[in-house]
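Heads up, the thing below is written out as structure tokens.
The values are calculated or read from the model by the stated rules, or taken from the named source; none is laboratory data. Fair warning: this is a prediction, and the values are worked out from it, not measured in the lab. Virtual Cβ from ideal backbone geometry, glycine too; neighbours counted across all protein chains shown. For accessibility, only protein heavy atoms count, side chains too; no ligands or nucleic acids. Shrake-Rupley method; radii C 1.70, N 1.55, O 1.52, S 1.80 Å.
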Amino acid sequence: MGSLSAHRQYRHLRAEALKGDEEAVHRLRKLAREAEVHARVGGLPKRGRRVWKQVRRAASALRDHDVTGPLVREALQALTVPAAEVTAVLTAWNAQRAALLGSLTLPRRVPRLPDSPGRRRWERFLAAETGRVLATVPPRDGRVHAEQWHDWRKALKRYRAVLELRTRSPEALVALLRSLGDAQDAQTLLELTGRDPLLTPYRPGLSRAAQARRRAARQAAWLHWERLGGDLQRPV
């Protein structure tokens, strides 16, 4: 990710995100997450890194809401909730999004990213991220460890961001992160059903649907991890 490219992307995505564009919000959070890693590996001072962190956090609540909305609709329809009720729920959901969008605050400027790191520095950071990934693999005992799964996904995303400073990610890593993203979306839906009054009347059915989706996504993640794990431990 070049510095100039990141700046151009940010200006465009910021403008579109503030207009409410869902895809721009998604891409903005992804850009900020990758820029945080690039800034850290490249040695940008902490003050500059905090700006990118601020962008990521600002976009997160809106992005989570955007991801969860279709899951709510799909689950309600699967529960054969009357169409009028589904429409009412989604109308209220959209009103919540409008409120989140209204409170979205993004800095006008972000710091330029440093040049790509040299190979030795990159290898040192990649080795550290590999260790973090391996240390956060959740136990395969069938229990629910939401925080551990979340930490593992974060570690894998950081590893991928460092890896892609110099090379492409293997398909197994991309597929693993996709499955873990699906599991996290289901986890978000599960948590929302427990605290959002809008979903209270449908809590039992939504909880079952979220748990089933999360279980399937985690099973898929283990298959991708089995393909990736050995390669992850070998030097690039």
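Candidates are the residues of segment 78-126 that are in a loop (DSSP other than H, G, I, E, B), among the β-branched types (V, I, T) and open to solvent by 70 Å² or more (accessible area, probe 1.4 Å); the one that is modelled with the highest pLDDT is T105.
Okay, residues lined up against (1) more than 21 Å from the chain's Cα centre (by Cα); (2) in a loop (DSSP other than H, G, I, E, B); (3) at pLDDT 95 or above:
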| site | (1), (2), (3) |
| --- | --- |
| K30 | no, no, no |
| V41 | no, no, no |
| Q54 | no, no, yes |
| H65 | no, no, no |
| G69 | no, no, no |
| L76 | yes, no, no |
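Looking across R109, R50, R29, one residue alone is more than 25 Å from L156 (Cα to Cα) and of a type in the set (D, E, K, R). It is R109. Of the residues making up segment 146-197, those that are of a type in the set (V, I, T) and either open to solvent by 20 Å² or more (accessible area, probe 1.4 Å) or within 12 Å of the chain's Cα centre (by Cα) (or both) are T167, V174, T188.
Within segment 13-28, the residues that satisfy the criterion of being of a type outside the set (D, E) and assigned to a helix (DSSP H, G or I) are L13, R14, A15, A17, L18, A24, V25, H26, R27, L28.
Contact map, segment 202-217: first residue touching a residue at least 24 places away in the same chain (Cβ under 8 Å), second residue surrounded by fewer than 17 Cβ atoms within 10 Å (Cβ to Cβ) and not small (G, A, S), Cβ cut-off under 6 Å, separation 6 or more or different chains; pairs are G205/L79. Scanning segment 146-182 for residues that are under 29 Å from P114 (Cα atoms) and in contact with a Pro (Cβ under 7 Å, 6 or more places away or on another chain) yields W152, L165.
For R143, the conditions (1) touching a Pro at 6+ places or on another chain (Cβ under 9 Å); (2) exposed (fewer than 14 other Cβ atoms within 10 Å of the Cβ); (3) charged (D, E, K, R) are fulfilled apart from (1). Per the listing L176, L190, the residue uniquely within 22 Å of F125 (Cα to Cα) and of a type outside the set (G, A, S) is L176.
Could you please let me know if E23 is touching a residue at least 60 places away in the same chain (Cβ under 8 Å), open to solvent by 30 Å² or more (accessible area, probe 1.4 Å), among the acidic types (D, E) and on the phi < 0 side of the Ramachandran plot? Criteria not met by E23.
Each residue in segment 43-52 was checked for being part of a helix (DSSP H, G or I) and either under 12 Å from the mean Cα position of the chain (by Cα) or not basic (K, R) (or both), and 3 pass.
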